[in-house]
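The values are calculated or read from the model by the stated rules, or taken from the named source; none is laboratory data. Nothing here was measured: the structure is a model prediction, and the numbers come from that model. Heads up, the Cβs are rebuilt from the backbone with ideal geometry, glycines too, and the neighbour counts pull from every protein chain shown.
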Amino acid sequence: MRRLLLATAAVATAAMTLAACGSSEPAKDEPASKGSAATSKVSVTDDKGQKVTLDGPAKRIVTTEWNVTEAALSLGVTPVGVADIKGYRAWDKAAPLGDGAKDIGMRGEPSMDTVAALNPDVIVATTDLKAAAIKQLRKIAPVLEIDSAVGGAQLKTVDRTLDLVAEATGTKAKATTVKKDFRDKIAEGKKALADAGADKRKVAFADGWATGNQVSVRPFTEKSFLGEINTELGLTNAWTQKGDKAYGLASTDVEGLTKLGDINFLYIASDSDGGDPFAKLAKNSVWKSLPFVKKDHVHRLDDGIWQFGGPASGSAYVDSVVKALTK
């Protein structure tokens, strides 16, 4: 499935022309100054330690992964090129992508010809993209390489991603606001859970996929993006696996769920991409025997929350978790 290959806004009519060219305007508190300031060079040091110099704040950006696409959109910047637009729209509805972007191909295999035709000022890629592809992209335009994920430091990585995209596009004040709003959302969610007596619960978030009658389960440990948010909300992560170094993800099967005990099981699925794998377990004897299944503590969260996204997806996740655990 598309979302397993890499673990990895519609605007008003009056602004459609701006979105179509992928331009961004300075934030209201960041007006372009007179004279040469508007065209002064911008230098950004990416997560590879490479200094990337641009002729000025990037107007035309290309994003090769969904988390950096979400970051750009959260900053009010519509990319001219986005990888796998159909998949993005299925999995990341928290930061809607309008009609101004061109699909550049799959996240792991961007079309170099398509990217070149877009004449980007900067290409924002992640460390998940192969070095050979990065090398080719550098022949087209400056490339910012951003850490895809860092196990145990996901929220810091999200902040860093926003900051790098903001530096490149001249939207640093907007980034500060976005980061603050996200932390405020987490604090509000934590309070809502506490007020409802739902804090300190054990939760296990996972996604999964079905192959025939077999359902594979992918646990999101406490070092994953959503695992870190759960901890910030005051919830206890029931998974005991360590998870991979970057994303904090592990693997198990239905039998492995018997180790969880009496918890709340959370997951996200997409009816337009793979369907609901856990619904396929309705007649599975092991699944039916699980305490959280018997107590109806299985919660499918809202669609369109990208599990590896940024503040927009994270905020949507908080709202969905609070709704699920306090109903």
Selection status of Asp302, more than 21 Å from Thr126 (Cβ to Cβ), of a type in the set (Asp, Glu) and over 20 Å from the mean Cα position of the chain (by Cα): no
Note down all Cβ pairs under 9 Å where the first residue falls in the stretch 97-110 and is surrounded by 20 or more Cβ atoms within 10 Å (Cβ to Cβ), the second is among the basic types (Lys, Arg), and they're at least six residues apart or on different chains. Leu97/Arg89; Arg107/Arg2
Got a number for residues in the stretch 223-251 being in a loop (DSSP other than H, G, I, E, B), closer than 27 Å to Leu129 by Cβ and not polar (S, T, N, Q)? 9
In the stretch 142-166, which residues are assigned to a loop (DSSP other than H, G, I, E, B) and either out of contact with any helix residue (DSSP H, G or I) (no Cβ under 8 Å at 6 or more places or on another chain) or not aliphatic (A, V, I, L, M) (or both)? Pro142, Asp147, Ser148, Gly151, Gly152, Ala153
Yes/no for Ser272 being farther than 26 Å from Gln154 by Cα and small (Gly, Ala, Ser): yes
Count of the stretch 174-198 residues which are of a type in the set (A, V, I, L, M, F, W, C), under 25 Å from Asn67 (Cα atoms) and surrounded by fewer than 15 Cβ atoms within 10 Å (Cβ to Cβ): 1
Taking the stretch 199-232 and the residues there that are of a type in the set (Phe, Trp, Tyr) and in contact with a strand residue (DSSP E or B) (Cβ under 7 Å, 6 or more places away or on another chain), the one that is surrounded by the fewest Cβ atoms within 10 Å (Cβ to Cβ) would be Trp209
Residues Gly314, Gly261, Gly256: which one is within 30 Å of Thr161 (Cβ to Cβ), of a type in the set (Gly, Ala, Ser) and either assigned to a helix (DSSP H, G or I) or in the same structural domain as Phe220 (by TED's automatic domain parsing) (or both)? Gly314
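Going by the conditions given, is Val124 assigned to a strand (DSSP E or B) and either touching a Gly at 6+ places or on another chain (Cβ under 8 Å) or outside the structural domain of Ala71 (by TED's automatic domain parsing) (or both)?
Numbers: assigned to a strand (DSSP E or B): yes; either touching a Gly at 6+ places or on another chain (Cβ under 8 Å) or outside the structural domain of Ala71 (by TED's automatic domain parsing) (or both): no.
Answer is no for this residue.
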I'd like to know if the stretch 53-74 contains one or more residues that are of a type in the set (Asp, Glu), within 20 Å of the chain's Cα centre (by Cα), in a helix (DSSP H, G or I) and modelled with pLDDT of 95 or more. yes
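Does Gln241 satisfy the condition of being within 27 Å of Lys156 (Cβ to Cβ), modelled with pLDDT under 95 and not β-branched (Val, Ile, Thr)?
Working: within 27 Å of Lys156 (Cβ to Cβ): yes; modelled with pLDDT under 95: yes; not β-branched (Val, Ile, Thr): yes.
Taking the combined requirement at face value, the residue satisfies it.
Select from the stretch 264-294 the residues that are within 24 Å of Ser320 (Cβ to Cβ) and part of a loop (DSSP other than H, G, I, E, B) and list them in ascending order.
First, the residues of the stretch 264-294 that are within 24 Å of Ser320 (Cβ to Cβ): 264-282, 287, 290-294.
Within the stretch 264-294, Ile268, Ala269, Asp271, Ser272, Asp273, Gly274, Asp276, Ala282, Leu290 qualify.
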If you check Val203 against the conditions, is it assigned by TED's automatic domain parsing to the domain that holds Gly310, over 20 Å from the mean Cα position of the chain (by Cα) and in a helix (DSSP H, G or I)? no
Those residues that are outside the structural domain of Gly314 (by TED's automatic domain parsing) and not in a helix (DSSP H, G or I), I need them from the stretch 167-200; list them, please. Gly170, Thr171
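Does Val143 satisfy the condition of being buried (at least 24 other Cβ atoms within 10 Å of the Cβ), at pLDDT 95 or above and not assigned by TED's automatic domain parsing to the domain that holds Asp273? Show your work before the answer.
Details: buried (at least 24 other Cβ atoms within 10 Å of the Cβ): yes; at pLDDT 95 or above: yes; not assigned by TED's automatic domain parsing to the domain that holds Asp273: yes.
So Val143 passes the test.
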Confirm whether Ala83 is among the small types (Gly, Ala, Ser), surrounded by fewer than 23 Cβ atoms within 10 Å (Cβ to Cβ) and either within 15 Å of the chain's Cα centre (by Cα) or over 19 Å from Ser313 (Cβ atoms) (or both). no
Restricting attention to the stretch 111-133, report how many residues are buried (at least 16 other Cβ atoms within 10 Å of the Cβ) and of a type in the set (S, T, N, Q). 2
